[in-house]
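To keep things clear, I will list the structure first and then write my remarks on it.
The values are calculated or read from the model by the stated rules, or taken from the named source; none is laboratory data. Keep in mind it's a predicted model, so treat the numbers as computed, not measured. Ideal geometry is used to build each Cβ from the backbone, glycine not excepted, and the neighbour counts take in all protein chains shown. When the accessible area is computed, the model is the full protein with side chains, heavy atoms only, and any ligands, DNA or RNA have been set aside. Shrake-Rupley method; radii C 1.70, N 1.55, O 1.52, S 1.80 Å.
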Amino acid sequence: MSAAVSKEVYHQHIEDVTPIESTKHLPIYRRKWLLVSAVVFTVTATIVIAITVPISIRNLNALRAKDENVHFTSTSKIANNSSSVATTTPKIVPQNITGTRKASSLITPDKQESLHPPVYAHAVSPWSNLTRLKIYHPSDQGRIFVMGDIHGCLNEMNQLLDKIQFKPDQDVLILAGDLVFRGQDSIGVIQRARELNALCVRGNHDDKVIRLKTYEYQHGKASMSPADEIMPEGQVGDPLKFGNKHIEISKNLNVEDYTYLAGCPLILDIPDLNTRVVHGGLDPLISNLIDNDPWSVMNMRDMDDNNQPSKLKLNKKPGNDVQHWTTAYEANAAKTNNQVTVYYGHDASRGIVINNQTVGVDSGCVYGRKLSAVEMRSRELAQVDCLGGDKHGGDDDD
Ligand SMILES: [Mn+2]
């Protein structure tokens with residue numbers, strides 16, 4: 001178990017890393033023009049900011065004085081609930097109710113006050129470009145499916161969508177992470193998910209692909225060698241070598257694929273349905289969602305002897321407290337009257353497990369077993385058989 005990390009390192013996720021095009025391949029005269037444009041742009045932007053910011057602040061203060069309960073965003077009107085969670089889970093006032101999911105119904109809380117890393121927390125990679133939490137307010141109509149780890153099995157994904165007669169204009173698809181790796185067509189799965197406007201959470205394999213790609217955007221492909229050198233990321237839970245097998249996927253991502261995959265949050269919260277979706281799991285003892293350690297949320301299976309999340313399947317022996325995180329979660333929920341259900345993937349060895357408040361949806365498609373989807377309101381299960389994919393073994397067998 002790693003040592004506790006400093007709050008500064010843990011906070012690195014707050015900085016968004018935006019892909020930038022490399023300029024190294026441009027001819028000299030174009031680089032000069034680029035430099036001149038950049039200088040002109042910076043000077044203009046500075047003047048504009050200097051003029052507009054004081055005015056905006058004055059306007060904002062006037063607005064706050066007028067009505068402290070109403071906030072505006074660029075796309076939608078947000079009104080606070082009167083409950084204590086209102087500031088972190090603002091509710092969208094529907095502008096136009098139809099059966100389809102509105103882009104504005106998926107929001108990212110703009111500010112989260114509490115961030116207390118648990119003692120076992122790992123550093124968050126500066127290349128992870130991670131959103132910890134998104135909040136989704138579904139419409140009343142249509143079905144909401146949570147689909148387990150697809151791992152590049154595009155054919156099976158399409159067969160399952162056919163089987164449930166998925167209607168993109170009415171139904172909602174949520175992917176429980178690990179869209180990529182091991183299977184035949186990881187890029188195809190991302191593109192299909194984009195087509196369907198699927199919601200998603202980040203899996204441990206998605207995370208590796210994103211980190212490699214962000215590094216490539218920032219430093220260029222040529223800097224990613226030698227293959228056995230470790231990418232500089234600090235004390236992360238799973239250091240990556242430049243030659244890591246996930247680079248086969250990251251190098252083929254276009255900007256839209258990257259933006260989609262990086263946009264899958266660590267945790268998708270659906271407060272209207274008392275439900276959350278993560279890839280690995282949630283520490284049952286952490287009450288503030290964003291205090292969860294990202295690496296653990298993407299990787300956890302069992303709780304170890306110290307009641308801390310582990311990626312391993314540990315052995316329960318007389319006298320130790322080893323148990324699957326869902327066992328601890330269900331017990332804790334019963335004790336504290338917590339009504340929130342958590343959907344998760346990542347644990348193919350256990351397969352489909354539908355409990356009171358935890359629903360496991362990874363049934364090992366890429367290992368030649370099944371691909372599964374559970375409808376959230378009815379809890380109906382749909383499955384298709386899988387051919388499986390190329391099994392990369394070795395250092396990434398989790
Ligand atoms: Mn996984």
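Data for the structure
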quantity: Tally of residues being part of a loop (DSSP other than H, G, I, E, B), aliphatic (A, V, I, L, M) and open to solvent by less than 10 Å² (accessible area, probe 1.4 Å) across the stretch 349-366; calculated: 1
quantity: Residues of the stretch 142-156 that turn out to be more than 16 Å from the ligand (Cβ to nearest atom) and in contact with a helix residue (DSSP H, G or I) (Cβ under 7 Å, 6 or more places away or on another chain), as a count; calculated: 2
quantity: Subset tally (residues that are part of a loop (DSSP other than H, G, I, E, B) and not hydrophobic (A, V, I, L, M, F, W, C)) for the stretch 336-345; calculated: 4
quantity: In the stretch 206-230, the residues that are surrounded by 20 or more Cβ atoms within 10 Å (Cβ to Cβ) and part of a loop (DSSP other than H, G, I, E, B); calculated: 224
quantity: Residue count for the stretch 343-365, restricted to those that are on the phi > 0 side of the Ramachandran plot and either within 12 Å of the ligand (Cβ to nearest atom) or in contact (Cβ under 8 Å) with a residue 60 or more places away in the chain (or both); calculated: 2
quantity: Failed item in (1) open to solvent by less than 30 Å² (accessible area, probe 1.4 Å); (2) over 24 Å from residue 205 (Cβ atoms); (3) modelled with pLDDT of 95 or more, with residue 380 passing the rest; calculated: (1)
quantity: Any pair with Cβ under 9 angstrom, 6 or more apart, that starts in the stretch 200-218 at a residue that is over 16 Å from residue 294 (Cα atoms) and ends at one that is within 15 Å of the ligand (Cβ to nearest atom) and open to solvent by 10 Å² or more (accessible area, probe 1.4 Å); calculated: 212/249; 213/249
quantity: Among the residues listed as 373, 333, the single one being away from the ligand (no atom under 15 Å from the Cβ), open to solvent by less than 10 Å² (accessible area, probe 1.4 Å) and part of a helix (DSSP H, G or I); calculated: 333
quantity: Residues being modelled with pLDDT under 95 and open to solvent by 40 Å² or more (accessible area, probe 1.4 Å) - total across the stretch 120-146; calculated: 2
quantity: Single unsatisfied condition, residue 114 versus (1) open to solvent by 10 Å² or more (accessible area, probe 1.4 Å); (2) under 20 Å from the mean Cα position of the chain (by Cα); (3) of a type in the set (Gly, Ala, Ser); (4) on the phi > 0 side of the Ramachandran plot; calculated: (4)
quantity: Total residues in the stretch 147-157, condition in a helix (DSSP H, G or I) and either surrounded by fewer than 16 Cβ atoms within 10 Å (Cβ to Cβ) or touching a residue at least 60 places away in the same chain (Cβ under 8 Å) (or both); calculated: 3
quantity: Any hit, the stretch 222-235, residues being within 16 Å of the ligand (Cβ to nearest atom), in contact (Cβ under 8 Å) with a residue 12 or more places away in the chain and of a type outside the set (Gly, Ala, Ser); calculated: no
quantity: Subset of the stretch 175-205 (residues that are assigned to a loop (DSSP other than H, G, I, E, B), within 16 Å of the ligand (Cβ to nearest atom) and on the phi < 0 side of the Ramachandran plot); calculated: 176, 179, 180, 183, 201, 202, 203
quantity: Any hit, the stretch 158-174, residues being open to solvent by less than 10 Å² (accessible area, probe 1.4 Å), within 16 Å of the ligand (Cβ to nearest atom) and touching a residue at least 12 places away in the same chain (Cβ under 8 Å); calculated: yes
quantity: Selection within the stretch 135-185 - under 14 Å from residue 277 (Cβ atoms) and of a type in the set (Gly, Ala, Ser); calculated: 148, 176, 177
